[in-house]
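Read through the structure below, which is laid out as structure tokens, and then see the notes.
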Amino acid sequence: MSKIILIGGPPRCGKTTLAQKISKEIGIMWVSTDALDDIAQEYVSGDKKDSLFPKTALRIKSGGGNDEMYEAFSVESIVSAYRKQAETVHKAVESFVACANKEGWDYVIEGYHVTPKLISKLRAKSSVILISTKAEEVVKRSIESNVKNDWLRDKTKKQETFSKIATMIELYSTKLKQEAEEFNTNVIDIAGDFQGKLKEAFESLIK
């Protein structure tokens, strides 16, 4: 059986950072579910795409910028769109895991599409949901980041939008925490100690 590590959570909560650290330190491949999302969208007809991939639809309807998106749509509707799109992509993640197991490939799979419900369905032994109950820290870290591309920093101009994104992440985190309790899934809140909590998550996944 392959070693499959699943990492989920809202945007900007350290999923990719954690996946890359695991991949580098224990030498296994990692993949973002965003790639599986993009592939899945290629096989859906136009009349169904908006309902199945509502987060993408909101982004397109608002022209791609965060200011426009968070002005046109409520935080609640954006969180709902993320969650619906995550569920749409579950089948793609399940297929990827089945293929990895068949071929004996070890993988870290990370992305907001990984939810407690999916983790439970896949019976993943190594998994974590990263959340943030103090997302102003998340936004500040993104603004100060020196990475080349950062969708939060680069697509936002208004201070009020940064605050709305923080509220979205916190609401999303609350909903995932509730779902994690239902499915008995490991949750780590990165608030207050980002590096320390990532270390805790790392150690829980590779033990």
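The values are calculated or read from the model by the stated rules, or taken from the named source; none is laboratory data. Note that the structure is predicted; figures quoted are calculated from it, not measured. For neighbour counting, all protein chains shown are included, and Cβ atoms are generated from backbone atoms with ideal geometry for every residue, glycine included.
Filtering VAL114, VAL138 for residues that are surrounded by 14 or more Cβ atoms within 10 Å (Cβ to Cβ) and part of a helix (DSSP H, G or I) leaves a single hit, VAL138. Could you check, for region 143-152, whether at least one of its residues is within 19 Å of ASP67 (Cα to Cα), of a type in the set (A, V, I, L, M, F, W, C) and out of contact with any Ser or Thr (no Cβ under 7 Å at 6 or more places or on another chain)? Among the residues of region 143-152, at least one is within 19 Å of ASP67 (Cα to Cα), of a type in the set (A, V, I, L, M, F, W, C) and out of contact with any Ser or Thr (no Cβ under 7 Å at 6 or more places or on another chain), which makes the answer yes.
Considering region 89-123, the residues that are out of contact with any helix residue (DSSP H, G or I) (no Cβ under 8 Å at 6 or more places or on another chain) and of a type in the set (Gly, Ala, Ser) include one that is farthest from THR33 (Cα to Cα), namely GLY104.
Where the second residue is surrounded by 13 or more Cβ atoms within 10 Å (Cβ to Cβ) and aromatic (Phe, Trp, Tyr) and the first is without any contact (Cβ under 8 Å) to a residue 60 or more places away in the chain and lies in region 36-47, which pairs have Cβ atoms under 6 Å and are six or more apart or on separate chains? The qualifying pairs are GLN41/PHE53. In region 18-34, the residues that are in a helix (DSSP H, G or I) and small (Gly, Ala, Ser) form Cβ pairs under 7 Å with partners that are surrounded by 18 or more Cβ atoms within 10 Å (Cβ to Cβ) and at pLDDT 95 or above, at six or more places apart or across chains, as follows: ALA19/ILE7; ALA19/TRP30; ALA19/VAL108; ALA19/GLU110; SER23/TRP30; SER23/VAL108. Taking the criterion of being more than 16 Å from GLY8 (Cα to Cα), in contact with a Leu (Cβ under 9 Å, 6 or more places away or on another chain) and either without any contact (Cβ under 8 Å) to a residue 12 or more places away in the chain or of a type in the set (A, V, I, L, M) (or both), the only residue of region 158-207 that qualifies is ILE165.
So that you can scan it fast, the table gives a plain yes or no per residue for (1) of a type in the set (Phe, Trp, Tyr); (2) at pLDDT 95 or above; (3) in contact with a His (Cβ under 9 Å, 6 or more places away or on another chain); (4) more than 22 Å from LEU122 (Cα to Cα):
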position: ALA19; (1), (2), (3), (4): no, yes, no, no
position: LEU36; (1), (2), (3), (4): no, yes, yes, no
position: ALA40; (1), (2), (3), (4): no, yes, no, no
position: GLY46; (1), (2), (3), (4): no, no, no, yes
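Of the residues making up region 55-100, those that are of a type outside the set (D, E, K, R), exposed (fewer than 15 other Cβ atoms within 10 Å of the Cβ) and in contact (Cβ under 8 Å) with a residue 40 or more places away in the chain number 1.
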